[in-house]
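The values are calculated or read from the model by the stated rules, or taken from the named source; none is laboratory data. Everything quoted here is computed from the prediction, not taken from an experiment. As a convention, Cβ positions derive from the backbone with ideal geometry for all residues, glycine included, and neighbour counts pool all protein chains shown.
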Amino acid sequence: MKAIRKKIGFVVLVVCLFMLQTGNMTAQPDTNSYWGMLSNAEVTAQIARSNADAKAEYRRLYPTKEDLEWASNVVPNWKPPQPWPDPSKRQGIFKHCKEVMRSAVDTNQLELVCSNMATNLPAIREFQNQSTKDGPIIITFVTNEIVISHFRAFSRLAMSNLDEFANLLSSPDLNSYVGAGYEAQISTPENWILFNFWPDNLTRSIEKRTADGQHLIMEASFYEDGKLGGFRVTSPPESIAFDENEKLISYNGRDNDMAIELRPDETGNVKVYGFIFKK
């Protein structure tokens, strides 16, 4: 699928594309510099290239309402391969989904990522940037500790919400039915949550929206074996994605005026990409 095109609602004042190379931890700042020689169009293109793979993965993991409507129009007579059991017998299905969801994330893999960054990434990086060639130099520091802290915190947020979603599967208020596939939904005074299921009845995706259903708050997507494929929060934007072997594909987050992306290279060493911006 094509990657989602997102509107950038801020004016770029200072932009610096960077990559933290792996190496021995050092207390000395490591300096990268861009001297304002890129046009806004060139900067936008570099950012798009840097995130294209991750965005394509998110679109695959998180089909939108428009995607589902398109599929419905292409195959208007599509129906799930088999009917669901009677509602009274679905409790066993949801109980199994609940158990699998609680182990959907391999915490050992998360710790390996953190250990890899602590061992191989520099302790601190210094970035020198100029909005114009002859303008004043703006210095920004990014510490390895901050990057690891963001990754840990979001991983815990994802697992905490998966636990909450799992609990909802045993709620007597859960309404299950056959819609655009096997679905279930539940409403609270604050939120509306939609579950989609694979044909073998494991959870396929979850959306958490505002009570009116109009605004997406967060979403999760799962592989057919129930393992987490991706988890995303819309505001402020933050996301994490895993491959079918439960290994990290990417993490995207923000620290003040710094957008951060983590992505392992072909050897498994974590690289950090991102750009500095100011609203």
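Annotations for the structure displayed:
- Candidates Y223, Y182, filtered to the one that is under 25 Å from G92 (Cα atoms), within 17 Å of the chain's Cα centre (by Cα) and not charged (D, E, K, R): Y223
- Considering the stretch 226-236, the residues that are among the small types (G, A, S) and surrounded by 12 or more Cβ atoms within 10 Å (Cβ to Cβ) include one that is nearest to the chain's Cα centre (by Cα), namely G230.
- With respect to the conditions (1) at pLDDT 95 or above; (2) surrounded by fewer than 18 Cβ atoms within 10 Å (Cβ to Cβ); (3) not acidic (D, E), T188 falls short on a single one, namely (1).
- Selection from the stretch 200-225 of residues that are touching a residue at least 24 places away in the same chain (Cβ under 8 Å) and either more than 21 Å from D243 (Cβ to Cβ) or crowded, with 21+ Cβ neighbours inside 10 Å (or both): N201, T203, I206, K208, A211, I217, M218, E219, A220, S221, F222
- When each of V105, V142, V113, V75 is tested for being under 30 Å from K271 (Cα atoms) and either at pLDDT below 90 or in contact with a Cys (Cβ under 6 Å, 6 or more places away or on another chain) (or both), the lone residue that passes is V142.
- Which numbered condition N161 misses (of (1) touching a residue at least 24 places away in the same chain (Cβ under 8 Å); (2) among the polar types (S, T, N, Q); (3) within 19 Å of L216 (Cα to Cα); (4) outside any helix (DSSP H, G or I)): (4)
- Residues that are in contact with a Leu (Cβ under 9 Å, 6 or more places away or on another chain) and of a type in the set (G, A, S), drawn from the stretch 199-240: S205, G213, A220, S221, G226, G229, G230
- Criterion violated by A166 - all others in (1) modelled with pLDDT under 95; (2) under 25 Å from S250 (Cβ atoms); (3) hydrophobic (A, V, I, L, M, F, W, C) satisfied: (1)
- Within the stretch 172-183, the only residue that satisfies the criterion of being over 16 Å from Q82 (Cβ atoms) and surrounded by 13 or more Cβ atoms within 10 Å (Cβ to Cβ) is L174.
- Unmet requirement for L112, which otherwise passes all of (1) touching a residue at least 24 places away in the same chain (Cβ under 8 Å); (2) in a helix (DSSP H, G or I); (3) touching a strand residue (DSSP E or B) at 6+ places or on another chain (Cβ under 9 Å): (1)
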